[in-house]
Amino acid sequence: MKKLLLTTILISCFSEGSERSVNEIWCAEQGGVTEYRTSYGTYVDCLTNLYAIEAEYDYNWKESIGQ
């Protein structure tokens, strides 16, 4: 069974663009898949070979931990 490490990427509220656009650019640079749907019906913002990543604005850090 493949183990994944869940990582949270906090996006500074001063960054330009939406959370989705920032995530798409970052995820593409990492060679990942954006908005990956899991077998549980939930979504991962970016899935790489090693990591499942949740992208969230910095002021929503508590929400990202819950996800």
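Extending 7 Å from the Cα toward the beta-carbon at both residue 57 and residue 42 defines two label points whose distance is 2.3 nm. In this structure, the amide hydrogen of residue 57, modeled 1.01 Å from its nitrogen in the peptide plane, lies closer than 5 angstrom to those of 11, counting only residues at least 5 positions away or on a different chain.
Coordinate-derived values only; no laboratory data. Since the structure is predicted, the reported quantities are computational estimates derived from the model, not experimental observations. Note that each Cβ is placed from the backbone with ideal geometry, even for glycine, and that neighbours are counted across all protein chains shown.
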